[in-house]
Amino acid sequence: MDGPALRQATDGARGRAAVVGGGPAGLAAAISLANRNFSVLILEKQASPTPEAQVRPRSYVYGINTRGQWALDQMGLRRPGQEGEEAAEINGLRIGFSKFGRARKGGPSKIKRAKALSTVWAERACIVDYLSNEARRQHHDRITTQWGCSLLDLNTLSSTVTYSTAAGDTRRDSFDLIVGADGANSAVRAAMHRQDPQLQVTHLPARRRYKPFYGLKAEGDWVPAPPQGTVVSFITAPTHLMILWKGPADTVSGLIGASEHFMLQPRTKQDWLQLLETYHPELPSHWMTSAAEQLQEAKAARAASSVKCSYIVQSRTVLIGDAAHACTPNMGQGVNTAMEDAVQLAEAIQACRYDVPAGLQRFQDERLPEMHAMHQLDLNVDARYGMQGKLHPEFLVSMATFVFWGTLTKIFPQVQLPPTMASNRASVSFQKVVASIRAHKAAVGAILGSALILLARWVVLLSLQGTVRLPGLSPA
Ligand SMILES: Cc1cc2nc3c(=O)[nH]c(=O)nc-3n(C[C@H](O)[C@H](O)[C@H](O)COP(=O)(O)OP(=O)(O)OC[C@H]3O[C@@H](n4cnc5c(N)ncnc54)[C@H](O)[C@@H]3O)c2cc1C
């Protein structure tokens, strides 16, 4: 049964919530619910709150866009990386972004130092660390964390959770609300499925692949002074992207992300070396050999998988974050929508005057269509990473859309970006983005079609005047 700390914490609380999983979604849910006077027990399978980066040489970085920043605002947390800050440390969240830009083949890359950023980049461990500190600082009497816990059973009808503790005990407890925030391979979701086989879950592995490297010595003016977790650079090349960040013990870690097709091409260490030297000549030369060796040896890992659930609420149990809608990192939405879910869940419960089942129903009605729209977008983007070459019609249309709107908004800055290209904005719903993609595909198709007809007409006219000779057409 629950320990004295939790019993004490429930005094005067609106209700008791169990949050399974202490990642970004679980921590944001705990803070949002504690802000509304719930007493929260977080069950986390990791043995301790030690940031991953200190125990594992590799981690990865995420960008907190305006969706995530909106969620932090709603939780009452100070938003990191406000305008003008290049790197900072706020309550343990190391943020910053030293260089970013576009690599040019064989020439000097277009790499700038970041100034004002709308997206804040940080290593996952730093974000989790930041949220844990905030949970402790603001709600030490409302939020309790049980580390090293494994979920053994969940009965959604009686809202009873059975789990084993780090000490090896088995505990069973009932809650007013159970939040499944235990990631893409959610045990809570599996328990919901066991209780209702009608719950449909689609699981699709991402086609984008990653290869990591780490342990490069952080010295020289390429690496900024700020502490571990800071993103050193984010550089895109036509074929791949490369992210570098400051890892543990004053080292630099990095990864190359690309389509599965691309990842098969460099075969030897020499190929990787050539790729780095061609696209990233600005990198310190003493990093090249070590990075190339590691890239050659590393197995190209799948980025993540995409999950779609037919529903997310069963009685008093609800799924949020990756458990409800894992998406591939292609759109950079995972951590942002995870925190957005948590805030919207607490808001829905509050809007229903703390009637938990009604609040969960409201949350599902509002949020599930958004989750499904995001899944649709995710599949569209991920499809590009599985394409063989750049002549795929989907790829051409999406690039044409990008170039068309990019050019238009450069020439006429007053033109608003279509929602298609603004899915990072908290104010734009994913459903709107999906609808707008349909509309813009048709518009871009019509514009491209007309341009092709005009071009063909022009070529034929010129050839008839004798300026261009086409096979089979003799000048008049
Ligand atoms: C390579 C890579 C790059 C990414 N890049 C980005 C990016 O740039 N931007 C972005 O927004 N997102 C990115 N993502 C996605 C992002 O990691 C996730 O969307 C985000 O972490 C979701 O948070 P979550 O809390 O729902 O799940 P998770 O972060 O997976 O956290 C789940 C937590 O639950 C715990 N847990 C699991 N099972 C149990 C159990 N049975 N009992 C108790 N605890 C359990 C885990 O230990 C973990 O702490 C990336 C993902 C990958 C893999």
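For region 309-324, which residues satisfy the criterion of being within 9 Å of the ligand (Cβ to nearest atom) and not hydrophobic (A, V, I, L, M, F, W, C)?
If we filter region 309-324 for residues that are within 9 Å of the ligand (Cβ to nearest atom), which is where we start, we get 320-324.
Gly321, Asp322, listed by residue number.
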(request) Pick out the one residue from Ala9, Ala18 that is modelled with pLDDT of 95 or more and surrounded by 22 or more Cβ atoms within 10 Å (Cβ to Cβ). (result) Ala18
(message) Cβ-Cβ under 6 Å, sequence separation 6+ or interchain: first residue in region 179-201 and within 10 Å of Asp322 (Cβ to Cβ), partner of a type in the set (D, E, K, R) and near the ligand (Cβ under 7 Å from one of its atoms). Which pairs?
(response) Gly183/Asp322; Ala184/Asp322
(request) Given the conditions (1) without any contact (Cβ under 8 Å) to a residue 40 or more places away in the chain; (2) closer than 30 Å to Arg302 by Cβ; (3) not in a helix (DSSP H, G or I); (4) not aromatic (Phe, Trp, Tyr), report the number of the one that Arg353 does not fulfil. (result) (2)
(request) Considering (1) surrounded by fewer than 11 Cβ atoms within 10 Å (Cβ to Cβ); (2) within 28 Å of Trp121 (Cβ to Cβ); (3) modelled with pLDDT under 75, say which one Pro393 fails and leave the rest. (result) (2)
(request) Identify all residues within region 243-273 that are free of Cβ contacts under 8 Å to residues at least 60 places away in the same chain and of a type in the set (A, V, I, L, M, F, W, C); write none if there are none. (result) Leu244, Ala249, Val252, Ile256, Phe262, Met263, Leu264, Trp272, Leu273
(message) Looking only at region 327-336, count every residue that is surrounded by 24 or more Cβ atoms within 10 Å (Cβ to Cβ), assigned to a loop (DSSP other than H, G, I, E, B) and near the ligand (Cβ under 6 Å from one of its atoms) and tell me the total.
(response) 1
(request) Identify, from the list Ala135, Ala184, Ala166, the residue that is over 20 Å from Val313 (Cβ atoms), within 15 Å of the ligand (Cβ to nearest atom), part of a loop (DSSP other than H, G, I, E, B) and among the small types (Gly, Ala, Ser). (result) Ala166
(request) Check Arg67, Arg58 and return the single one that is within 14 Å of the ligand (Cβ to nearest atom), modelled with pLDDT of 80 or more and of a type in the set (Lys, Arg). (result) Arg67
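Look at Arg302 and say whether it is over 23 Å from the mean Cα position of the chain (by Cα) and either basic (Lys, Arg) or within 30 Å of Ala326 (Cα to Cα) (or both).
Details: over 23 Å from the mean Cα position of the chain (by Cα): no; either basic (Lys, Arg) or within 30 Å of Ala326 (Cα to Cα) (or both): yes.
Spelling it out, it is not the case that Arg302 is over 23 Å from the mean Cα position of the chain (by Cα) and either basic (Lys, Arg) or within 30 Å of Ala326 (Cα to Cα) (or both).
Here is a yes/no grid of residues against (1) without any contact (Cβ under 8 Å) to a residue 40 or more places away in the chain; (2) assigned to a helix (DSSP H, G or I); (3) crowded, with 20+ Cβ neighbours inside 10 Å; (4) in contact with an Asp or Glu (Cβ under 8 Å, 6 or more places away or on another chain):
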| position | (1), (2), (3), (4) |
| --- | --- |
| Leu275 | yes, yes, yes, no |
| Thr278 | no, yes, no, no |
| Glu282 | no, no, no, no |
| His286 | no, yes, no, no |
| Glu293 | yes, yes, no, no |
| Ser306 | no, no, yes, yes |
(request) Answer yes or no as to whether Thr202 is away from the ligand (no atom under 15 Å from the Cβ) and modelled with pLDDT of 95 or more. (result) no
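The values are calculated or read from the model by the stated rules, or taken from the named source; none is laboratory data. Just so you know, these numbers come straight off a predicted model, no measurement behind them. Ideal geometry is used to build each Cβ from the backbone, glycine not excepted, and the neighbour counts take in all protein chains shown.
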